[in-house]
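Beneath this line is the structure, given in structure tokens, with notes to follow.
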Amino acid sequence: MSLWNRLLPLAFTIAAAGPVQGQSLGEKDLALILDRNPQQAIRFQNAGSAQLFSSQWYQQIVNGFRGTPVGDAVERENRFTDWQLVGVRVAPCMPLGTTPADRITEHCWPEVRLVWQPIVNFAPPTGLFADDRAIHAIYDVFTGDALNQFEMNRVVTLRNRLMNYYHGGRNPANLLQPNEEAEFRALRNKVIDRMIGNTLWLRTLPNGYAGNGVRPEYFSAQVTEFRGRLLAWLQTYTAAHLIKEVTSFSLPAGRAPGQINVWSFIAFSGQAGQLQQHSISIQSAVNGRTLANFGLHETVTRQQEDVRLLNAPLSPDVVQELRNSVIFDAIDRNRLLPRLADRQQILVANTSCASCHRFQLNGNNFHNMSYFTGSPQISLADRTQRDVALDLAWLATHQLRTLAIRSLEPES
């Protein structure tokens, strides 16, 4: 798959270092948790800026759920304007391969993940209520401000070869030679370096970015400035043509997770700003082969996995692999959560959607980086926290050259 049509030439200036110069990255730089306060919310459409999530994409998600037990719950309980951004993950090194053995710390590429959720402000005593559904939108980082055209052409070619190797039959001819490996790493790191610099530019305070939690700007007078900077950053790093994947889960209508006890997951691939719904499958953590396919949705309860997987006629070796990567019931949860929380053991492709979302002690809570019903506290999965820790460690060992804060203000 060619990636050239995803590129967007942009010009940036390097701003003078502000209050954050010389400070190390913190968890809140790579996992931006936004307060649910609707007064400062960033929505699908914001005044004075480009649309961040199109109405066409939204309608595709609404339609995708119609063929599941969720039915018309999304359009019945929520409006397009109810959805707001609750989380942003800046991931510098997401694996290109399909198994943990696929050189995941070197054959990787930066991506940005946005987490959207509908939050409704009901009359007292209910107040703010996060509906039990979310949309995760994933974007490749391909902007034209880090590399010149020759470099961008070259790194796209090398990246495409790796993608073809891992996702197209593992033909050894697509593997990179040692000199090409070094070239790929150097060019990729320039892209990451610029992304991290621009992400540091989001800071408006001298400190408060260590540890997981809501961004410190929400507890200061700088929240409006932070919101404006984040909107500019989003228009660069989450432009529609960069969309790679969209996943969504939802409870059926009723707003009572414990009583309803059914959740459905759907998924879409992105290409050139268009979404296409695709089947949900599980790939082997050993060799990348497809172990199971749910079709266009995965539907689970808090007690168990999708009944279609439970009843599928699978060979003993496939069953054994699935037992090492999928939470089928409550007994599996305690056994597998440490593995599922560590991408060095299990990649997202190697498990089910539901298994990736079973990290909360409350079995009705499937949220990884979003809010659960009326709780003011974000639900942040162990997997998310572990990924952030691995990303910080990766950045610390790869000698990137982020020496100043890059401004997202276009050059005049």
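Points to keep in mind about this one:
- Within region 194-219, being crowded, with 21+ Cβ neighbours inside 10 Å and out of contact with any helix residue (DSSP H, G or I) (no Cβ under 8 Å at 6 or more places or on another chain) holds for ARG194, GLY197.
- Meets criteria (in contact with a strand residue (DSSP E or B) (Cβ under 6 Å, 6 or more places away or on another chain) and among the aliphatic types (A, V, I, L, M)) for LEU234: no
- Of all residues making up region 190-236, the number that are in a helix (DSSP H, G or I) and free of Cβ contacts under 8 Å to residues at least 24 places away in the same chain: 4
- Considering region 164-175, and only residues there that are surrounded by fewer than 18 Cβ atoms within 10 Å (Cβ to Cβ) and touching a residue at least 12 places away in the same chain (Cβ under 8 Å), the residue that is nearest to VAL88 (Cα to Cα) turns out to be HIS167.
- If you go through region 237-275 and keep only what is without any contact (Cβ under 8 Å) to a residue 40 or more places away in the chain and of a type in the set (Ser, Thr, Tyr), you end up with just SER269.
- Restricting attention to region 350-388 and to residues that are in contact with a Pro (Cβ under 9 Å, 6 or more places away or on another chain) and not in a loop (DSSP other than H, G, I, E, B), the residue that is least open to solvent (accessible area, probe 1.4 Å) turns out to be ASN350.
- Listed by first and then second residue, the pairs linking a residue in region 334-346 that is assigned to a loop (DSSP other than H, G, I, E, B) to a residue that is of a type in the set (Phe, Trp, Tyr) and surrounded by 18 or more Cβ atoms within 10 Å (Cβ to Cβ), with Cβ atoms under 8 Å apart and 6 or more places separating them unless they lie on different chains, are ALA341/PHE359.
- Residue within region 266-289 that is among the hydrophobic types (A, V, I, L, M, F, W, C), in a helix (DSSP H, G or I), more than 18 Å from GLN59 (Cα to Cα) and open to solvent by 40 Å² or more (accessible area, probe 1.4 Å) present: no
- With respect to (1) assigned to a loop (DSSP other than H, G, I, E, B); (2) closer than 17 Å to VAL112 by Cβ, the lone exception for ARG159 is condition (1).
- Unique residue being within 20 Å of SER279 (Cα to Cα), small (Gly, Ala, Ser) and open to solvent by 40 Å² or more (accessible area, probe 1.4 Å) when the list is GLY67, GLY48, GLY71: GLY67
- Residue in region 76-97 that is touching a Lys or Arg at 6+ places or on another chain (Cβ under 8 Å), modelled with pLDDT of 95 or more, open to solvent by less than 50 Å² (accessible area, probe 1.4 Å) and part of a helix (DSSP H, G or I) present: yes
- VAL326 meets each of the listed conditions (1) open to solvent by 80 Å² or more (accessible area, probe 1.4 Å); (2) under 21 Å from ASP382 (Cβ atoms); (3) hydrophobic (A, V, I, L, M, F, W, C) apart from (1).
- Pairs are defined by a Cβ separation below 6 Å, a sequence spacing of at least 6 or placement on different chains, a first member in region 370-384 that is farther than 12 Å from GLY213 by Cβ, and a second member that is small (Gly, Ala, Ser) and not in a strand (DSSP E or B); the pairs so defined are ASP382/ALA341; ARG383/ALA341.
- Set side by side, the residues LEU347, LEU340, LEU314 differ, and just one is aliphatic (A, V, I, L, M) and farther than 15 Å from THR290 by Cα, which is LEU340.
- Among residues of region 1-30 being at pLDDT below 50 and surrounded by 17 or more Cβ atoms within 10 Å (Cβ to Cβ), the one that is nearest to VAL86 (Cα to Cα) is VAL20.
- Which listed residue, of ILE33, ILE42, ILE61, is closer than 15 Å to VAL112 by Cα and either of a type in the set (Asp, Glu) or open to solvent by less than 60 Å² (accessible area, probe 1.4 Å) (or both): ILE33
The values are calculated or read from the model by the stated rules, or taken from the named source; none is laboratory data. Remember, predicted model here, so these are calculated numbers, not experimental data. Note that we place each Cβ from the backbone using ideal geometry, even for glycine, and neighbour counts take in every protein chain shown. These accessible areas exclude ligands, DNA and RNA; they are computed on the full protein's heavy atoms, side chains included. Shrake-Rupley method; radii C 1.70, N 1.55, O 1.52, S 1.80 Å.
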